[in-house]
1. With N set to the number of residues, divide the alpha-carbon radius of gyration of region 220-378 by 2.2 N^0.38 Å and report two decimals.
2. Could you check the simple spin-label distance between residue 383 and residue 319, using points 7 Å along Cα→Cβ, in nm with one decimal?
3. Just the ratio, please: alpha-carbon radius of gyration of region 202-260 over 2.2 N^0.38 Å, N its number of residues.
4. Can you tell me the length gained on complete extension of the stretch residue 56 to residue 263, counting 0.36 nm per residue apart and subtracting the Cα distance?
5. Counting DSSP beta bridges in the chain, what percent are antiparallel, to the nearest 5?
6. In region 402-444, if every C-alpha pair distance is counted and binned at 5 Å from zero, what percent goes to each bin?
7. Mean projection of the alpha-carbon convex hull of region 1-72 over all orientations, in nm²?
8. Bin all alpha-carbon pair distances of region 324-397 at 10 Å intervals from 0 and give each bin's fraction as a whole percent.
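Just so it is clear, none of the values below were taken in a lab; they were calculated from the coordinates. Keep in mind that this is a model prediction, so the values were computed, not measured. Cβ atoms come from the backbone with ideal geometry, glycine included; neighbour counts cover every protein chain shown.
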Ligand code: GCO
């Protein structure tokens, strides 16, 4: 038992968070460039103009990946690097960058897993209404077609969208993320529907263009674990995990039921009433294209118990519980319960597309980066993941977030999530202790965890 022999051990990044070179090589502007360049949004005024300079240093980074031993690298393709105006003319230098990255990975025995959209929306399309424009799914399909035609010879594994919960919820509802808007519930729901249509169309295009392509989706959402092992508490956690609460943007089921079950969850439909989006006759069929795997970004979850009336109540966390530097709770059981619940409901092989923590890392006097909390986190979470796999949850892979410290959105460089420490003044990379811990996990396929 333990992890399957062909388990995909990987690490993840996203274009905007690592590439830099924001105005080089013909890249167009994204909503995140505009947002960062406007003061007041990002911690200490940081920008991702240079980030980890991965655009220029990817060869060195691939060597580090090889040393780490990962079998797969999850990165994202920057839409405005491929199509500077979001649609229309193709930027050859952008294509070349991803071709070279894919070649470098393949030559070093690492399978490229590309995310088509990880939040760097083309500014030119934002000016045309962005996700609210009914044309937006067609724009995404056209972009996907270019990627598939030009890069599909080298890249055979794709995720369509990363965390629609965040880019709609934080971007257009509470305004914390780019483009920083506060839209009505009705508009947000309409955008969400267009986002789901974009996903469905992208899946169709990928299958149409790339023979044997493997396609997934990479959402996230609020999840829950049972406070005790009592069956009624387990049922309460399951209910809570798939609920559509008033604050719906972080719901799992609103964003995954249409994709994997071909329908919106009824509780949400009832609650939204007049605010429900316009749904065309064929829409849900288009949205629910079969997937090869179902990605999920999982960082933590919250304890609940049964309320005695068929519902659930949140349980306070124990005083002094472990937290990350970001203040997120450390809940290893998330990697047992959430994949289990997701697999029961959706019956699609699961890939953990992100999991990790931020720590207050620094280079010590001995020149190394000691991050015992991350080493411990990795072990605890992976043990729980293995327990679920041994009990029958079909999990095919795990991508640690992140390969290296990078630009953490509104927190700038204030949060370090990497297995590799990055000195942002010099761009020097230093593998942390957790890098060597994960290297060992991979080489032993998790046996001695
Ligand atoms: C997300 C994104 C990543 C983050 C990571 C840590 O989950 O928000 O996919 O880009 O950097 O999750 O917050």
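1. So region 220-378 has a normalised radius of gyration of 1.22.
2. Here the answer is 2.6 nm between the modelled labels.
3. Numbers: Rg = 16.1 Å, N = 59, 2.2 N^0.38 = 10.4 Å.
Rounded to two decimals, the normalised Rg is 1.55.
4. That pair, residue 56 and residue 263, stretches by 70.1 nm at full extension.
5. The antiparallel fraction comes to roughly 25 percent.
6. 6, 23, 26, 21, 12, 8, 3, 0
7. Approximately 7.1 nm², given one-decimal rounding.
8. Calculated P(r), rounded to whole percents: 18, 42, 24, 12, 3.
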